[in-house]
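A.B. asks: What follows is a structure written as structure tokens; I'll ask about it next.
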Amino acid sequence: MQAPTIEYGTLAPMLLVFGAAVLGVLVEAFAPRYLRKVMQVPLTLVSLGGAFALVLVQVIMRGAPTEAVAMGAVAVDGPSLFIWGVILVLSFVCVLLVNDEGHFVASAAAVPGSADEEEAEAAGGAHTEIYPLLLFAVGGMMLFPAAHDLLTMFVGLEVMSLPLYLMCGLARRRRLLSQESSMKYFLLGAFSSAFFLYGTAMLYGYAGTVSLPGINKALAGGALLDPLLLIGFAMLGVGLLFKIGAAPFQAWKPDVYQGAPTPITALMASGTLVAAMGAVLRVFWVGLGNLDWNWRPVMWAVAALTMIVGAVLAITQTDIKRMLAYSSIAHAGFLLIGVMATFDKSQQNAGSLSAILFYLLVYSFTTVGAFAIVTMVRDPGGEAGHLSRWAGLGKRSPLLAGVFAFFLLAFAGIPLTSGFFGKYAVFAAALASGSESGDSLGGWMTGLVVLGVVASAVAAFFYVRVIVLMFFSEPAADGPSIAEPSMGTVAVIAVAALVTVGVGIFPQPMLDVAHQAAANLFIR
């Protein structure tokens, strides 16, 4: 029996996050209660910042590895390093939101509205275990898209998801809604994980391996209509598409986004989407590339349905967080257009992969900024979720409403925002892929891009509706108050706005970084 070979230097960013999470658990177990937050916040921020620094050192000093590490279980290639960097920065700014007072319940074990809950609030109780939970979730987000075999990917999926199930139920206000969102997310997430695991078993029965390159090699010389392969592919797809909120597996997203504490919603809407889309790319590019004629029609239908569902149902929403949830669903559909464009793994289609990476970066930062602003608009019972409460916000707080309007315009893809170049990059890559394929795929891709443009126009309606409501409606006499922002919240909004403006005006440097990352994809 030979001991496994672990490349600790290459895996250092992820190992640092997991190590800090374990250390955070020890702090919860042994540190006095009054010292826990004082210790947890610096530990969390330093570990995330240190992990990001290690990613930069890896890229600058050594570049992307040319072979899988940890006995072939993890592929730390260009896309993995890019996704790790994005997730770590997003997680860092989300911790600044988590650190604000008032988001999390004083005692999750107390019945909502009970004397025990009031007593815990009066005593200043706090759930400082939120910090190690968040670190475990971030570690899972890093492992999930970098996994080079399906079992490692399943481990990453569970390590990412389980802490999120817990954190979704810890909202300080609207406790029952928060607990309902946590339960829904847990139950539906458990079903999706079961689909993923059963699909892994079916693919193992077909290929005799769970390694993604091994599955792809089996596809090159095996029967493409084998029942084990088709069932495994379908079930694996359900598990992955659930995580990005693609239709028809999107039903959990609005309820969970609405009920979860808003800083956790921001983390899920940004970091989880980045990680899940990275895993989708890893599976469909590396593992199932030789099955492209079987999965492309299905992916086309899913992408089209996702865009339609997200754009149309967002119009009917009256809650700001539910509206942003359906907006996220529509953007998942736009990203799936890029996935369609990566079908043949050829170097000429590295542009589509880089477009997806670029889109993930710009969309996720805008999303975090939007949810940071949502935390500041307050009613007596908590955040002002109903859209009617946002009427006249531009007259009450012109700067806050102006920044939020700018983020909404970026979601809509208006020029001079990062969202415009994100959509343009994905749509252009899809059209280029279709024209270069030389087969019927070109017409299908053109139709999908046209549908994406129409969905973007529909989505622009409900973004503009909120802007009109804020600036051209009279504020109610009992309108919401604007919470005094902490330095952390100000920093989050400033960083999100800076990225949205900077990339919108000067997109080329970040496009070059994304293209360089995509060119270093490891597929063996």
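The values are calculated or read from the model by the stated rules, or taken from the named source; none is laboratory data. Bear in mind the structure is a predicted one, so any value in this text is a computation, not a measurement. Here Cβ is always computed from backbone atoms with ideal geometry, including for glycine, and neighbour counts include all displayed protein chains.
A.B. asks: Which one is surrounded by the fewest Cβ atoms within 10 Å (Cβ to Cβ) among residues in segment 287-320 that are touching a His at 6+ places or on another chain (Cβ under 8 Å) and assigned to a helix (DSSP H, G or I)? Step through it out loud before you land on a result.
C.D. replies: Looking only at segment 287-320, we keep the residues that are touching a His at 6+ places or on another chain (Cβ under 8 Å), and these are 310, 318-320.
This time we only want the ones that are assigned to a helix (DSSP H, G or I), so: 310, 320.
Numbers: Gly310: 27, Ile320: 23.
Filtering segment 287-320 for residues that are touching a His at 6+ places or on another chain (Cβ under 8 Å) and assigned to a helix (DSSP H, G or I), the one surrounded by the fewest Cβ atoms within 10 Å (Cβ to Cβ) comes out as Ile320.
A.B. asks: Quick test for you: out of Ile356, Ile373, Ile337, pick the one residue that is in contact with a helix residue (DSSP H, G or I) (Cβ under 7 Å, 6 or more places away or on another chain) and over 22 Å from Pro79 (Cα atoms). Please lay out each step first, then the result.
C.D. replies: Values: Ile356 fails: over 22 Å from Pro79 (Cα atoms); Ile337 fails: over 22 Å from Pro79 (Cα atoms).
Criteria check complete, one pass: Ile373.
A.B. asks: Quick check on my filter: what residues within segment 55-68 are closer than 30 Å to Gly214 by Cα and either part of a helix (DSSP H, G or I) or of a type outside the set (Gly, Ala, Ser) (or both)?
C.D. replies: So in segment 55-68, the residues closer than 30 Å to Gly214 by Cα come out as 55, 58-59, 62-68.
Matches in segment 55-68: Val55, Gln58, Val59, Arg62, Pro65, Thr66, Glu67.
A.B. asks: So Ile231 passes all but one of these: (1) assigned to a helix (DSSP H, G or I); (2) within 30 Å of Val25 (Cβ to Cβ); (3) of a type in the set (Val, Ile, Thr). Which condition number does it fail?
C.D. replies: If we test Ile231 against (1) assigned to a helix (DSSP H, G or I); (2) within 30 Å of Val25 (Cβ to Cβ); (3) of a type in the set (Val, Ile, Thr), just (2) comes out false.
A.B. asks: I've got another one for you. Can you pull out the residues in segment 98-132 that are among the hydroxyl-bearing types (Ser, Thr, Tyr) and at pLDDT 85 or above? Let's see the steps before the verdict.
C.D. replies: In the first step, residues of segment 98-132 are kept if they are among the hydroxyl-bearing types (Ser, Thr, Tyr); the result is 107, 114, 128, 131.
Residues satisfying the conditions are Thr128, Tyr131.
A.B. asks: Six or more apart or on different chains, Cβ atoms under 6 Å: show the pairs whose first residue is in segment 405-425 and closer than 8 Å to Thr500 by Cβ and touching a residue at least 60 places away in the same chain (Cβ under 8 Å) and whose second is among the β-branched types (Val, Ile, Thr) and buried (at least 23 other Cβ atoms within 10 Å of the Cβ).
C.D. replies: Final answer for the pair search is Phe407/Thr366; Ala410/Thr366; Ala410/Thr417; Ala410/Thr500; Thr417/Thr500; Ser418/Val362; Ser418/Thr500; Ser418/Val503.
A.B. asks: Go through (1) of a type outside the set (Asp, Glu); (2) touching a helix residue (DSSP H, G or I) at 6+ places or on another chain (Cβ under 8 Å); (3) farther than 21 Å from Ala21 by Cα and name the single condition Gly125 misses.
C.D. replies: All conditions pass for Gly125, except number (2).
Per-residue answers, yes or no, for (1) without any contact (Cβ under 8 Å) to a residue 40 or more places away in the chain; (2) outside any loop (DSSP other than H, G, I, E, B):
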position	(1), (2)
Val492	no, yes
Thr500	no, yes
Pro509	yes, yes
Gln516	no, yes
Leu521	no, no
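A.B. asks: Kindly indicate the residue of segment 235-268 that is among the small types (Gly, Ala, Ser) and not in a loop (DSSP other than H, G, I, E, B) and also nearest to Val89 (Cα to Cα) among those meeting that condition.
C.D. replies: Restricting attention to segment 235-268, the residues satisfying the condition of being among the small types (Gly, Ala, Ser) are 237, 239, 245-247, 251, 259-260, 266.
Keeping just the survivors that are not in a loop (DSSP other than H, G, I, E, B) gives 237, 239, 259, 266.
Numbers: Gly237: 28, Gly239: 26, Gly259: 24, Ala266: 13 Å.
Only one residue tops the list, namely Ala266.
A.B. asks: Return a yes/no flag: does segment 166-189 have any residue that is farther than 30 Å from Gly24 by Cβ and either of a type in the set (Lys, Arg) or not in a strand (DSSP E or B) (or both).
C.D. replies: Step one: of segment 166-189, the residues farther than 30 Å from Gly24 by Cβ are none.
No, that holds for no residue.
A.B. asks: Shifting gears a bit: Looking at the structure I just gave you, is Val503 touching a Ser or Thr at 6+ places or on another chain (Cβ under 6 Å) and either modelled with pLDDT of 90 or more or buried (at least 21 other Cβ atoms within 10 Å of the Cβ) (or both)? Spell out the reasoning first.
C.D. replies: Working: touching a Ser or Thr at 6+ places or on another chain (Cβ under 6 Å): yes; either modelled with pLDDT of 90 or more or buried (at least 21 other Cβ atoms within 10 Å of the Cβ) (or both): yes.
Answer is yes for this residue.
A.B. asks: Select from segment 4-30 the residues that are in a loop (DSSP other than H, G, I, E, B) and out of contact with any strand residue (DSSP E or B) (no Cβ under 6 Å at 6 or more places or on another chain) and list them in ascending order. Break it down into steps so the answer makes sense when it comes.
C.D. replies: Going residue by residue through segment 4-30, those that are in a loop (DSSP other than H, G, I, E, B) are 4-11.
If the condition is that a residue be in a loop (DSSP other than H, G, I, E, B) and out of contact with any strand residue (DSSP E or B) (no Cβ under 6 Å at 6 or more places or on another chain), then Pro4, Thr5, Ile6, Tyr8, Gly9, Leu11 are the ones that fit.
A.B. asks: Within segment 428-438, restricting attention to residues that are among the hydrophobic types (A, V, I, L, M, F, W, C) and either modelled with pLDDT under 85 or out of contact with any Leu (no Cβ under 9 Å at 6 or more places or on another chain) (or both), which residue is nearest to Leu511 (Cα to Cα)? Let's see the steps before the verdict.
C.D. replies: Initially, segment 428-438 is screened for residues among the hydrophobic types (A, V, I, L, M, F, W, C), giving 428-432.
Filter again for either modelled with pLDDT under 85 or out of contact with any Leu (no Cβ under 9 Å at 6 or more places or on another chain) (or both), leaving 428, 431-432.
Working: Ala428: 13, Leu431: 18, Ala432: 17 Å.
If we take residues in segment 428-438 being among the hydrophobic types (A, V, I, L, M, F, W, C) and either modelled with pLDDT under 85 or out of contact with any Leu (no Cβ under 9 Å at 6 or more places or on another chain) (or both), then Ala428 is nearest to Leu511 (Cα to Cα).
A.B. asks: Regarding segment 193-214, can at least one residue be identified that is assigned to a helix (DSSP H, G or I), buried (at least 21 other Cβ atoms within 10 Å of the Cβ), touching a residue at least 40 places away in the same chain (Cβ under 8 Å) and under 19 Å from the mean Cα position of the chain (by Cα)?
C.D. replies: Within segment 193-214, one or more residues are assigned to a helix (DSSP H, G or I), buried (at least 21 other Cβ atoms within 10 Å of the Cβ), touching a residue at least 40 places away in the same chain (Cβ under 8 Å) and under 19 Å from the mean Cα position of the chain (by Cα).
A.B. asks: Now for a separate question. Looking at segment 352-377, I want the residues that are in contact (Cβ under 8 Å) with a residue 40 or more places away in the chain and over 15 Å from Met323 (Cα atoms) and have a partner that is in a helix (DSSP H, G or I) and charged (D, E, K, R) with Cβ atoms under 8 Å, at least 6 apart or on another chain. Which pairs are those?
C.D. replies: Listed by first residue and then by second, the contacts come to Tyr359/Lys423; Val377/Arg389.
Residue-wise test of (1) over 22 Å from Thr306 (Cα atoms); (2) acidic (Asp, Glu); (3) surrounded by fewer than 22 Cβ atoms within 10 Å (Cβ to Cβ); (4) out of contact with any strand residue (DSSP E or B) (no Cβ under 7 Å at 6 or more places or on another chain).
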residue	(1), (2), (3), (4)
Leu224	yes, no, yes, yes
Pro227	yes, no, yes, yes
Phe233	no, no, no, yes
Leu236	no, no, no, yes
Ile244	no, no, no, yes
Ala247	no, no, no, yes
Asp255	no, yes, yes, yes
Gln258	no, no, no, no
Pro263	yes, no, no, yes
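A.B. asks: All but one of (1) assigned to a loop (DSSP other than H, G, I, E, B); (2) farther than 20 Å from Leu267 by Cα; (3) without any contact (Cβ under 8 Å) to a residue 60 or more places away in the chain hold for His127; state the number of the condition that does not hold.
C.D. replies: For His127, the exception is condition (2).
A.B. asks: Of the residues Val46, Val93, which single one is modelled with pLDDT of 85 or more and either buried (at least 21 other Cβ atoms within 10 Å of the Cβ) or closer than 27 Å to Leu511 by Cα (or both)? Don't jump to the end; show me each part of the working.
C.D. replies: Numbers: Val46 fails: either buried (at least 21 other Cβ atoms within 10 Å of the Cβ) or closer than 27 Å to Leu511 by Cα (or both).
Being modelled with pLDDT of 85 or more and either buried (at least 21 other Cβ atoms within 10 Å of the Cβ) or closer than 27 Å to Leu511 by Cα (or both) holds for just one of Val46, Val93, which is Val93.
A.B. asks: I'd like to know if segment 266-285 contains one or more residues that are touching a Gly at 6+ places or on another chain (Cβ under 6 Å), within 28 Å of Asp149 (Cβ to Cβ) and either surrounded by fewer than 24 Cβ atoms within 10 Å (Cβ to Cβ) or not acidic (Asp, Glu) (or both).
C.D. replies: Of all residues in segment 266-285, those touching a Gly at 6+ places or on another chain (Cβ under 6 Å) come to none.
Checked segment 266-285: no residue is touching a Gly at 6+ places or on another chain (Cβ under 6 Å), within 28 Å of Asp149 (Cβ to Cβ) and either surrounded by fewer than 24 Cβ atoms within 10 Å (Cβ to Cβ) or not acidic (Asp, Glu) (or both).
A.B. asks: Please work out if Val403 is surrounded by fewer than 21 Cβ atoms within 10 Å (Cβ to Cβ) and β-branched (Val, Ile, Thr).
C.D. replies: Numbers: surrounded by fewer than 21 Cβ atoms within 10 Å (Cβ to Cβ): yes; β-branched (Val, Ile, Thr): yes.
Spelling it out, Val403 is indeed surrounded by fewer than 21 Cβ atoms within 10 Å (Cβ to Cβ) and β-branched (Val, Ile, Thr).
A.B. asks: Which condition does Val377 not pass, out of (1) surrounded by fewer than 21 Cβ atoms within 10 Å (Cβ to Cβ); (2) of a type in the set (Val, Ile, Thr); (3) in contact with an Asp or Glu (Cβ under 8 Å, 6 or more places away or on another chain), if it passes all the others?
C.D. replies: Unmet for Val377, out of (1) surrounded by fewer than 21 Cβ atoms within 10 Å (Cβ to Cβ); (2) of a type in the set (Val, Ile, Thr); (3) in contact with an Asp or Glu (Cβ under 8 Å, 6 or more places away or on another chain): (1).
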